[in-house]
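The values are calculated or read from the model by the stated rules, or taken from the named source; none is laboratory data. Keep in mind the model is a prediction, meaning the values are calculated, not measured. Please note: Cβ atoms are built from the backbone with ideal geometry, for glycine as well, and neighbour counts cover all protein chains shown.
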């Protein structure tokens, strides 16, 4: 009974993987297509990668999106970790329901509603205070950070709930201030969650279209907005080349991250064995 079930599960799993990854393989293959028609194969060529290198609009948009994504990832990790620490250490405090509602609102609300709300906020602030002078890097960064904080908070909170609180209590009994205990004990234990939250925030930011569309101004178009505007006029093999570069970059980053995590796990197991053997 178990073998047929396992075979069916394996077949379904492979079908899901094929459904997800075949489009990516098609993008990679057609990025080397010589024809201007993205859906008609006419021969192997690297000319769309050469065209991509000289496309100033795409390059500027890519650098702009990259800067926003990096800034968003760091700010979301800092604020999300702070929120997770509050939830993990203070439990159900007064105003807990309101705090959780505000924290999870960006996840529950559609991005269109969030984008319109932030746009109205910045427009009113500009009329009343004269700030911000225009919509660009700063406004997009704030919008992306708000949309990413909850994901980091959930990731870090789940890791904090697994930490033995006796470790922090022992450190405080030995005279370690709370800040030092955080950096010496808590931070190393939640480092993998922080990396995961950083990568997740980076991915959400660099892929965001809706919020970026509302909060961007003239000369501050992100890469997804430029790609979206071009694809509305028809598929372009140059976009396939750009997508292929992103696929390879993300794949390499995931492989490096997995290797680093495995090395940390092995080192942690070795340290635990040494600590047990010393006792």
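A few remarks follow.
- Some residue of the range 93-101 being assigned to a helix (DSSP H, G or I), under 22 Å from residue 212 (Cβ atoms) and under 26 Å from the mean Cα position of the chain (by Cα): no
- Given (1) surrounded by 14 or more Cβ atoms within 10 Å (Cβ to Cβ); (2) modelled with pLDDT under 90; (3) within 18 Å of residue 63 (Cα to Cα), index of the condition residue 206 fails: (2)
- Tabulated pairs, the range 86-98, first under 20 Å from residue 152 (Cβ atoms), second outside any loop (DSSP other than H, G, I, E, B), C-beta under 6 angstrom, 6+ apart or interchain: 87/157; 88/157; 88/160
- Selection of the range 122-144 for residues being within 15 Å of residue 213 (Cα to Cα) and assigned to a helix (DSSP H, G or I) yields 122, 123, 137, 138, 139, 140, 141, 142, 143, 144.
- Single match in 186, 244 (criterion: in a helix (DSSP H, G or I) and within 27 Å of residue 32 (Cα to Cα)): 244
- Against the conditions (1) touching a helix residue (DSSP H, G or I) at 6+ places or on another chain (Cβ under 9 Å); (2) in a helix (DSSP H, G or I); (3) free of Cβ contacts under 8 Å to residues at least 24 places away in the same chain, residue 5 satisfies every one except (1).
- Residue within the range 146-168 that is free of Cβ contacts under 8 Å to residues at least 24 places away in the same chain and not in a helix (DSSP H, G or I) present: yes
- Selected residue [modelled with pLDDT of 90 or more, out of contact with any helix residue (DSSP H, G or I) (no Cβ under 7 Å at 6 or more places or on another chain) and surrounded by fewer than 16 Cβ atoms within 10 Å (Cβ to Cβ)] from 74, 93, 44: 74
- The listed residue being modelled with pLDDT of 90 or more and closer than 30 Å to residue 42 by Cβ, out of 200, 215, 235, 223: 223
- Hits in the range 108-121 - residues which are surrounded by 12 or more Cβ atoms within 10 Å (Cβ to Cβ) and either assigned to a loop (DSSP other than H, G, I, E, B) or at pLDDT below 90 (or both): 109
- Condition check for residue 18: out of contact with any helix residue (DSSP H, G or I) (no Cβ under 9 Å at 6 or more places or on another chain) and part of a helix (DSSP H, G or I): yes
Here is a yes/no grid of residues against (1) without any contact (Cβ under 8 Å) to a residue 40 or more places away in the chain; (2) surrounded by 12 or more Cβ atoms within 10 Å (Cβ to Cβ):
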site: 213; (1), (2): no, yes
site: 235; (1), (2): no, yes
site: 243; (1), (2): no, yes
site: 248; (1), (2): yes, no
site: 260; (1), (2): yes, yes
site: 264; (1), (2): no, yes
site: 274; (1), (2): yes, no
